[in-house]
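Q: One structure coming up, written as structure tokens, with questions to follow.
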Amino acid sequence: ATEADLHSLIDERAVSRTQWLTLFICFLLQTIDGFDVLAMAFAAPALAEDWSLSADRLGIVFSAGVLGMTLGAMFLAPLTDKFGRRTIIFCAVLVMGFSMLATAWAANLSVMVVLRVITGLAIGAMMASLTSLVSEFFPDAMRNMAVGILLSGYPLGAMIGGFIAAPIIPQYGWEGVFVCGGIMTLAMVPLVLMWVPESLHFLLRRRPSGALMKVNKVLRRLGSELLSELPRADAEPEPAHVSSLLTDARRKSTLQLWSSFFLCFGTLYFLLSWIPKLLVDSGLPLSQAIYAGIAFNIGGALGNIAIGWTSTRLGLQKTILYFHVVAALGMILFAFLPLGIAALLFLTTVIGLFQQGGFVGFYMVAARLYPADIRTTGVGWGIGLGRFGAVIAPYLAGLLIASGWGVEALFTAFSLPLLIGGWVAYSIRSDALAADTST
């Protein structure tokens, strides 16, 4: 068998139980990611009261997690292209689990900030690594759907976390949220060790120590014929470095992808951060405003799956553009139409479906844009640079609100990045996305 034959093996065979099990475990990890990321949001009111934290000091704790996720995606995720998807996922699970547990016993704000950065580093590395592993372990026709299912775990974890935290905090305090998150995370370690395989693409391109044995282990689980020796490499692997994303052939597509991530990350975090507060300011009871936030995440979970299904029929880039146009229109309707609570919750769900679904399309673009040698580097840098939009947008929205902007102006303004980001992603050369998808 040639290397190309083995690369096409997954595309030409029916999806096996091993592949479905791998997706399920990765989905569980992504769900726990969603819980761990928002654990501080759930614990914040009780923590602020217990430690007498002002809003600005609490904001430092929130920002620490985002900073860690940004750095982890940009600087730790590329290690996945050097040492393997399974290895980095395993290490990230350990770091996440123990840092979550340690957070429950943090003695002061400085320790808390450091631990949140460490947790964020692991989450940032894991999210990019899971995307690469799943995209490489499913046939091309199902790749978008598989990545969509994977990433739907994130908003699902955020929602489940709220339901878990609500009864835990009154009985065990804010510490109970982090103990629960740490235990759930560490419970995944044996599942990763036993059932998550290494990517064939990685093994064939990087040829780590014992590569033949590891390749045959994966082939055996897939029910394929074993190899007596590794095939000759098609080409030398590229260095897993950001410079590989900016070669002459890739620079334009990479900058387009980064721009799309940045713009739409900003609108996503504006919506996540401000929907409940703006609705309360508009006169809704807090309980209904919270339900709107939950509806947005329910829509997001559905949208992550919907874009995978739709993109196999309309094409990925066209689907991303359509999703963002519908989300932008939904935001404008949300701002200008007088809505009852039922209609408001329905429209919020629709916005979440198309905005978060369209946003997940960027992960799919990144997984297709780069070859296996640098795939996680590409996904990680897209996520990492995009998170700067997530940092800027909520703060900018706060400044605009303070200066007198109303809901109508805010939602109209933040719908524009969706239109621009969707169009930029649509403009990426289709041949760039088709390149190297089998490697």
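Q: Take the residues of segment 177-198 that are open to solvent by less than 10 Å² (accessible area, probe 1.4 Å) and out of contact with any Ser or Thr (no Cβ under 7 Å at 6 or more places or on another chain): which is farthest from TRP105 (Cα to Cα)?
A: The residue in question is VAL192.
Q: Find all pairs meeting these conditions: Cβ atoms under 7 angstrom apart; at least six residues apart or on different chains; first residue within segment 315-331 and under 15 Å from PRO417 (Cβ atoms); second residue polar (S, T, N, Q) and open to solvent by less than 10 Å² (accessible area, probe 1.4 Å).
A: Between residues of segment 315-331 that are under 15 Å from PRO417 (Cβ atoms) and residues that are polar (S, T, N, Q) and open to solvent by less than 10 Å² (accessible area, probe 1.4 Å), the close pairs are ALA327/GLN355; ALA328/SER415; MET331/SER415.
Q: Sticking with this one: Here are some residues: TYR395, TYR322. Which one is surrounded by fewer than 24 Cβ atoms within 10 Å (Cβ to Cβ), at pLDDT below 95 and of a type in the set (Ser, Thr, Tyr)?
A: Result: TYR395 is the single residue among TYR395, TYR322 that is surrounded by fewer than 24 Cβ atoms within 10 Å (Cβ to Cβ), at pLDDT below 95 and of a type in the set (Ser, Thr, Tyr).
Q: If you go through segment 13-29 one residue at a time, do you hit one that is more than 30 Å from SER224 (Cα to Cα) and among the small types (Gly, Ala, Ser)?
A: No, segment 13-29 contains no residue that is more than 30 Å from SER224 (Cα to Cα) and among the small types (Gly, Ala, Ser).
Q: Could you list all residues from segment 230-243 that are modelled with pLDDT of 85 or more and loosely packed, with under 13 Cβ neighbours inside 10 Å?
A: SER243 - this is the single residue of segment 230-243 that is modelled with pLDDT of 85 or more and loosely packed, with under 13 Cβ neighbours inside 10 Å.
Q: On the given criteria, is ALA102 surrounded by 19 or more Cβ atoms within 10 Å (Cβ to Cβ), modelled with pLDDT of 95 or more and of a type in the set (A, V, I, L, M)?
A: no
Q: Could you count how many residues in segment 77-91 are open to solvent by less than 10 Å² (accessible area, probe 1.4 Å) and of a type in the set (A, V, I, L, M, F, W, C)?
A: Residues meeting the conditions: 2.
Q: For segment 205-229, give me each residue that is assigned to a loop (DSSP other than H, G, I, E, B) and open to solvent by 50 Å² or more (accessible area, probe 1.4 Å).
A: Matches in segment 205-229: ARG207, SER209, GLY223, GLU225, LEU226, SER228, GLU229.
Q: Filter segment 1-58 for residues that are surrounded by 15 or more Cβ atoms within 10 Å (Cβ to Cβ) and β-branched (Val, Ile, Thr); which is modelled with the lowest pLDDT?
A: Once the filter is applied, the top-ranked residue is VAL37.
Q: Return the residues of segment 59-70 that are surrounded by fewer than 18 Cβ atoms within 10 Å (Cβ to Cβ) and among the hydrophobic types (A, V, I, L, M, F, W, C); say none if nothing qualifies.
A: First, the residues of segment 59-70 that are surrounded by fewer than 18 Cβ atoms within 10 Å (Cβ to Cβ): 59-60, 62-63.
Result: ILE60, PHE62.
Q: If you don't mind, another one. Tell me yes or no: at least one residue of segment 334-353 is open to solvent by 30 Å² or more (accessible area, probe 1.4 Å), outside any helix (DSSP H, G or I) and either under 30 Å from THR247 (Cβ atoms) or hydrophobic (A, V, I, L, M, F, W, C) (or both).
A: Taking every residue of segment 334-353 in turn, at least one turns out to be open to solvent by 30 Å² or more (accessible area, probe 1.4 Å), outside any helix (DSSP H, G or I) and either under 30 Å from THR247 (Cβ atoms) or hydrophobic (A, V, I, L, M, F, W, C) (or both).
The values are calculated or read from the model by the stated rules, or taken from the named source; none is laboratory data. The shown structure was predicted, so the numbers you read here are calculated from the model rather than taken from an experiment. Neighbour counts run over all protein chains shown; Cβ positions are idealised from the backbone, glycine included. Note: areas computed on protein heavy atoms with side chains; ligands, DNA, RNA excluded. Shrake-Rupley method; radii C 1.70, N 1.55, O 1.52, S 1.80 Å.
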